[in-house]
1. How would the stretch 47-136 be classified by its alpha-carbon gyration tensor: rounded, prolate or oblate, with rounded meaning a/c under 1.5 and the a/b versus b/c comparison settling the rest?
2. List the aspartates and glutamates whose Cα lies under 19 Å from the Cα of residue 293, skipping any in the same chain that are fewer than 8 positions away.
3. Which distance in Å, rounded to a whole number, links the C-alpha centroids of the stretch 222-288 and the stretch 132-196?
4. How large is the dipole of the chain about the Cα centre if only Lys and Arg carry +1 and Asp and Glu carry -1, each at its Cβ, rounded to the nearest 20 debye?
5. Starting from the 7 Å offset along Cα-to-Cβ, what nm value, one decimal, do you get for the label separation of residue 174 and residue 33?
6. Net charge within 12 Å of residue 119 by Cβ-Cβ distance, Lys/Arg positive one each and Asp/Glu negative one each, not counting residue 119 itself?
7. Out of 158, 73, 125, whose Cα points farthest toward the positive end of the dipole of the chain (charges: +1 Lys, Arg; -1 Asp, Glu; placed on Cβ)?
8. Could you check the simple spin-label distance between residue 267 and residue 226, using points 7 Å along Cα→Cβ, in nm with one decimal?
Amino acid sequence: MTTTDRVVAGAVVRRLSFLDRYLAVWIVAAMAIGLLLGRVVPGLDDALDAVKVGSVSLPIAIGLLLMMYPVLAKVRYTETGRVTGDRRLLAASLVLNWIIGPALMFTLAWLLLPDLPEYRTGLVIVGLARCIAMVLIWNDLSCGDREAAAVLVAINSVFQIVAFAALGWFYLQTLPGWLGLQTAGAAFSIGAIALSVVVFLGIPLVAGYLTRTIGEKTRGRSWYEDRFLPKIGPVALYGLLFTIVMLFALQGDAITSAPLDAVRIALPLLAYFVLMFGGSFALGHRLRLGYAKTATLAFTAAGNNFELAIAVAIGTYGVTSGQALAGVVGPLIEVPVLVALVYVALWARRRYYPGRTDVGRCP
């Protein structure tokens with residue numbers, strides 16, 4: 001690291017809040033607390049899963065909504081037009097999310113889990129569930145383009161409702177049949193997919209839009225962005241940490257009970273997240289999208305909708321199935337890997353995009 005890099009990095013750290021500065025520590029602690037609670041409190045997983053929103057545990061649903069609302073309240077909705085007019089960004093995102101991503105996960109699942117058909121099917125389902133929730137946090141932490149993230153997430157949501165079942169049929173039955181491989185069942189509920197989108201994107205999106213619209217109209221943009229947003233901003237990270245604790249408490253026992261299986265499942269997931277992020281970031285840089293849009297492109301392509309993947313796997317194959325276990329391992333690997341990739345993105349920002357003049361947490 002050069003002297004200039006050290007000075008810039010120091011300036012960044014000094015301007016971060018205590019919560020932001022040690023975010024990686026808090027996330028690791030949240031994971032550990034969740035695992036510990038799941039192991040030492042008898043029946044906790046059943047209690048947490050007793051009440052659901054759709055097919056997702058109520059505590060996790062609450063955490064996701066708390067996590068997404070402040071981020072969506074930060075979006076300047078009047079500026080989304082510049083995103084929808086960027087055909088390079090939209091085309092790249094669609095290709096990465098709905099062609100490259102599922103095909104890559106299918107390939108990695110068959111290459112690394114040829115002898116474990118249930119886990120392989122679960123990973124294919126994870127690859128089909130494009131991210132509409134937690135990606136907003138990773139994008140915000142990496143100083144990505146908030147308006148672009150909101151638009152790309154909305155597009156992913158529409159495609160998820162329209163294309164998920166068809167792609168599931170293609171990757172689990174049609175393509176394996178063409179290649180002479182073993183096929184798997186692919187009966188997915190369109191209603192469950194639509195409900196996931198409405199709850200985990202629709203509610204916080206409407207709340208964020210109304211908050212900004214009413215706040216700017218009554219008090220002005222300066223008050224809204226300089227005074228109101230800093231007050232609700234930490235709620236997103238608190239929601240993230242709460243979600244991680246609940247997720248690991250609910251699902252961590254399944255991982256610790258079958259650690260070797262979890263490792264086998266983790267390998268293709270790790271390769272997937274790194275390859276998707278790296279390839280997407282390189283593509284955005286090649287297209288000269290600028291850092292903010294490039295980071296957004298990379299995180300929206302690398303992330304997955306684990307709520308939907310777990311719900312579909314459980315609803316289709318059962319809560320004790322190998323497919324469900326693969327869905328559970330997904331976020332347990334995704335969270336620490338994408339947190340690490342946030343730091344990689346910020347390093348790339350200093351290295352390849354010098355002279356940035358962003359404000360707030362992105363000096």
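Just so you know, all these numbers are worked out from the coordinates, no wet-lab data involved. Being a predicted model, the structure only gives us computed values, none of them experimental. Counting neighbours? That spans all protein chains shown, and the Cβs are built from the backbone with ideal geometry, glycine included.
1. Oblate, since a/c reaches 1.5 and b/c is not below a/b.
2. By straight Cα distance, residue 293 reaches 79, 86, 140, 145, 147, 358.
3. After rounding, the separation between the Cα centres reads 16 Å.
4. My answer is approximately 1540 debye.
5. 4.6 nm
6. Details: positive: 120, 264; negative: 115, 118, 261.
Within the 12 Å Cβ shell, the charges total -1.
7. About the Cα centre, the residue reaching furthest to the positive side is 73.
8. Simple spin-label model gives 5.6 nm for this pair.
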